[in-house]
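Engineer: Sharing a structure below in structure tokens format, with a few things to ask.
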Amino acid sequence: MKTATEVGGDYYDFNVGMDGTLTVVIGDATGHGMRAGTMVTSTKSLFNVLAANNSIVQTFQEMTRCLKLMQLDKLSMCMTMLKIQNNRLIMSAAGMPPVYLFRNKHKIIEEHLMEGMPLGTMDNFPYELKEMELFTGDTILLMSDGFPELQNQHIEMFGYKRAKNSFEEVAEKEPELIITYLKEVGLSWTNDKDPDDDVTFVVIKVK
């Protein structure tokens, strides 16, 4: 995570349940600074309570209900949540960039875009749910929109196509090396200029 200001609005977290289920989230709050930080703090508390819930859709809806009760003045939280148990992946998203899944067997990148309203905006939204099987060597990349929206000196955005291609170049490597490479690509694009938005990566590789 690279924050644009002293207090970031991006968020990532994980939880390992009693049955071994790994729950991972990445989020992006509206705005920057302290207001966004308040939303991150609230969301983290809710995740700690709700992470064990088997239903991602119910978790999103309950988070929205609680956030609206807090009356945080039109603040909202975009989020991707996924659950992995053994070789089974379930995921959903609320207003976040696509999830990139590298399939080690065929050496291809799958792009999974799940549209949905940010948390804290609409009650009982019918969030899309995707379920699939994972295999050894498969690699998942979660990111906030700060990476594809990086701008170069010509005010040109890095873009999702370059983000996907950059991941594809190193998807077979270890997670730490993947993140290091993506950071270096981003710095090269901006000519080492600090980002205007928070940039966050989460990389998960299947053993």
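Engineer: Go over the candidates Phe135, Phe167, Phe125 one by one and state the one that is more than 30 Å from Cys66 (Cβ to Cβ), part of a loop (DSSP other than H, G, I, E, B) and out of contact with any Pro (no Cβ under 9 Å at 6 or more places or on another chain).
Structural biologist: Going through Phe135, Phe167, Phe125 in turn, just one is more than 30 Å from Cys66 (Cβ to Cβ), part of a loop (DSSP other than H, G, I, E, B) and out of contact with any Pro (no Cβ under 9 Å at 6 or more places or on another chain): Phe135.
Engineer: Here is a follow-up. Across segment 170-184, what is the number of residues that are assigned to a loop (DSSP other than H, G, I, E, B) and either among the β-branched types (Val, Ile, Thr) or crowded, with 19+ Cβ neighbours inside 10 Å (or both)?
Structural biologist: Matching residues across segment 170-184 total 1.
Engineer: For segment 80-91, state whether one or more residues are under 23 Å from Glu62 (Cβ atoms), surrounded by fewer than 13 Cβ atoms within 10 Å (Cβ to Cβ) and in contact (Cβ under 8 Å) with a residue 12 or more places away in the chain.
Structural biologist: So far as segment 80-91 goes, yes, one or more of its residues are under 23 Å from Glu62 (Cβ atoms), surrounded by fewer than 13 Cβ atoms within 10 Å (Cβ to Cβ) and in contact (Cβ under 8 Å) with a residue 12 or more places away in the chain.
Engineer: Among (1) modelled with pLDDT of 95 or more; (2) under 24 Å from Leu113 (Cα atoms); (3) not small (Gly, Ala, Ser), which single condition is Val199 missing?
Structural biologist: Going through the list (1) modelled with pLDDT of 95 or more; (2) under 24 Å from Leu113 (Cα atoms); (3) not small (Gly, Ala, Ser), Val199 breaks only (1).
Engineer: May I ask you to list pairs of residues, at least six apart or on different chains, whose Cβ atoms are under 6 Å apart, with the first in segment 104-122 being without any contact (Cβ under 8 Å) to a residue 40 or more places away in the chain and among the aliphatic types (A, V, I, L, M) and the second being assigned to a strand (DSSP E or B) and surrounded by 14 or more Cβ atoms within 10 Å (Cβ to Cβ)?
Structural biologist: So the pair list comes out as Met114/Ser92; Met114/Ala93.
Matching residues to (1) touching a helix residue (DSSP H, G or I) at 6+ places or on another chain (Cβ under 6 Å); (2) among the hydrophobic types (A, V, I, L, M, F, W, C); (3) within 18 Å of Asp28 (Cβ to Cβ); (4) modelled with pLDDT under 95:
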position	(1), (2), (3), (4)
Leu119	yes, yes, yes, no
Lys130	no, no, no, no
Thr139	no, no, no, no
Ser144	no, no, yes, yes
Asn152	yes, no, no, yes
Tyr160	no, no, yes, no
Glu169	no, no, no, no
Pro175	no, no, no, no
Asp192	no, no, no, yes
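Engineer: Of everything in segment 126-150, what is touching a residue at least 60 places away in the same chain (Cβ under 8 Å) and surrounded by fewer than 16 Cβ atoms within 10 Å (Cβ to Cβ)? Give them in sequence order.
Structural biologist: Once the filter is applied, which keeps residues that are touching a residue at least 60 places away in the same chain (Cβ under 8 Å) and surrounded by fewer than 16 Cβ atoms within 10 Å (Cβ to Cβ), segment 126-150 yields Pro126, Leu129, Phe135, Thr136, Gly137.
The values are calculated or read from the model by the stated rules, or taken from the named source; none is laboratory data. In this text the structure is predicted, and so the values were computed from the model without any measurement. Please note: Cβ atoms are built from the backbone with ideal geometry, for glycine as well, and neighbour counts cover all protein chains shown.
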